[in-house]
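First the structure, in the form of structure tokens, and then the observations on it.
The values are calculated or read from the model by the stated rules, or taken from the named source; none is laboratory data. A quick note: this is a predicted structure, and the numbers were derived from the prediction, not measured. Note: ideal-geometry Cβ built from the backbone for every residue, glycine included; neighbour counts use all protein chains shown. Heads up: the accessible areas ignore ligands, DNA and RNA and are worked out on the full protein's heavy atoms, side chains in. Shrake-Rupley method; radii C 1.70, N 1.55, O 1.52, S 1.80 Å.
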Amino acid sequence: MAVATGRLPDNIVYFGRALRRAGVPVGTAQILEALRAVQLVGFTKRQDFHTTLRAMIVTRPEHLLIFDQVFAMFWRDPDFLENMITNLLPVITAPPVESPMKPAQNRAAEAMAAGAGKPRDAPPTELLEMDAQFSHSDVEKLMQKDFEAMNAAEIRQAEQAIRSLRLDLPQVAGRRYESAFQALRIDRRKALQQSRRSGGEILTLAKRRAKPRQLNLVVLCDISGSMTRYSRMMMHFVHSCAQARGSDWAAVHAFTFGTQLHNISPQLSIKDPDAALAAIGQHVKDWEGGTRISASLGVFNRDWARRVLSTPAVVLLISDGLERSGLAELEGEMSRLALQARELIWLNPLLRWDQFSPQAAGIKAMLPHVSSLVACHNLGSLQDLSEHLNGRHGVDHKARLLRLLR
């Protein structure tokens, strides 16, 4: 059935604007293609209509959940939007709760709230801008708020904060030497060369010290389904580290793993973070899928470790460690990775719970082989990581969790 009359085209345009407010990039060309596709497919079944719009509008895997939530909230009876806003207002003005909130539902509700007061069958007009600065989203509370519980406005603020985040890592002594007046090591060759000017007498002792050098950074990020809530923010974090290459790190190498291992280092060279994440989304095909930690680490140790760990490097392993199969292989690959890295730091978002204990078999297999275990569930934990690398802040949870295993 072709759609030629009615308010359906206007509502599709309005639906696209709601998606855009929820964080899904929707352009005019996509809306026009969606209108043509609906005219061809027809509007006989709700599932066909849903599939058609999703195929024409969604271009990234991480936006599928947001699309489903906005679609479910939008395409209901005409009075649904008005009733939903009435029920939503007390929730918006209330202080944050401890229970985690689904990010897609949160962003979808915020996007729908931006269109409050507009009837469903009215022509599309400019949507009212919604003040995203709630009383509980000041800087201090934003730093401690879980990425999972953030709404769209807070996520944008967090992404901006991550762009300016730097891992303040001290330099280490390299193999090369440089002259230094107050060093302890005597430069015998230079001292003898200087003695030739004074007839063989050594008047001053030349000294040298090891020339400081920057470490490489290697990031292994889990993008499986259990890490969906944090993988996007971690990608922004990795991109920020990659853009600081040369000032904080000698080189940055990054990989994602779910069911397969992917090298995303070339995509991180793109300066714009949104464009970089879009390139990563096109390159990586196993977002929000299963997880094969042991197999992915095996591929890294076999194919990439000699290339990226040949010089001293800090390895950041970002994963929840929820692996059930191949535990013996997982322990072996973790041991091999730890031997090749100068420091192996495990970033685990499950540490957001104070009562977290290493009950999962995968966590038990991985924990003994890491240098340290830190959280990565909010901005504060990422800032603490810089303090941890300098040894100025006790955020390491490894010792505490190892005691629980005894």
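Taking the criterion of being of a type in the set (A, V, I, L, M) and assigned to a loop (DSSP other than H, G, I, E, B), the residues of the range 257-307 that qualify are ILE264, ILE270, VAL284.
Would you point out the residue of the range 188-229, among those that are within 30 Å of ILE155 (Cβ to Cβ) and charged (D, E, K, R), that is most open to solvent (accessible area, probe 1.4 Å)? Ranking the candidates gives ARG229 first. Within the range 249-265, restricting attention to residues that are surrounded by fewer than 20 Cβ atoms within 10 Å (Cβ to Cβ) and at pLDDT below 90, which residue is farthest from the chain's Cα centre (by Cα)? Top of the filtered list is ALA250. Residue-level check: of (1) modelled with pLDDT of 65 or more; (2) surrounded by fewer than 19 Cβ atoms within 10 Å (Cβ to Cβ), LEU89 misses just (1).
Let's see how each residue does on (1) closer than 27 Å to GLU154 by Cα; (2) at pLDDT 80 or above; (3) open to solvent by less than 40 Å² (accessible area, probe 1.4 Å):
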| position | (1), (2), (3) |
| --- | --- |
| LEU8 | no, no, yes |
| PRO25 | yes, yes, no |
| LEU32 | no, yes, no |
| THR44 | no, no, no |
| HIS50 | no, yes, yes |
| ARG54 | yes, yes, no |
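Do you know which residues across the range 266-316 are out of contact with any helix residue (DSSP H, G or I) (no Cβ under 8 Å at 6 or more places or on another chain), open to solvent by less than 10 Å² (accessible area, probe 1.4 Å) and under 19 Å from SER226 (Cα atoms)? Answer for the range 266-316, where residues must be out of contact with any helix residue (DSSP H, G or I) (no Cβ under 8 Å at 6 or more places or on another chain), open to solvent by less than 10 Å² (accessible area, probe 1.4 Å) and under 19 Å from SER226 (Cα atoms): VAL284, SER296, LEU316. From the list GLY332, GLY380, the lone residue that is farther than 22 Å from ILE223 by Cβ, surrounded by fewer than 20 Cβ atoms within 10 Å (Cβ to Cβ) and in contact (Cβ under 8 Å) with a residue 60 or more places away in the chain is GLY380. When LEU344 is tested against (1) of a type in the set (A, V, I, L, M, F, W, C); (2) in contact with a helix residue (DSSP H, G or I) (Cβ under 8 Å, 6 or more places away or on another chain); (3) more than 13 Å from SER372 (Cα to Cα), exactly one condition is not met: (3).
Every listed requirement among (1) open to solvent by less than 10 Å² (accessible area, probe 1.4 Å); (2) out of contact with any His (no Cβ under 9 Å at 6 or more places or on another chain); (3) part of a helix (DSSP H, G or I) is met by ARG232 save one, (1). Of the residues making up the range 163-180, those that are modelled with pLDDT of 65 or more and assigned to a strand (DSSP E or B) are VAL172, ARG175, ARG176, TYR177, GLU178, SER179.
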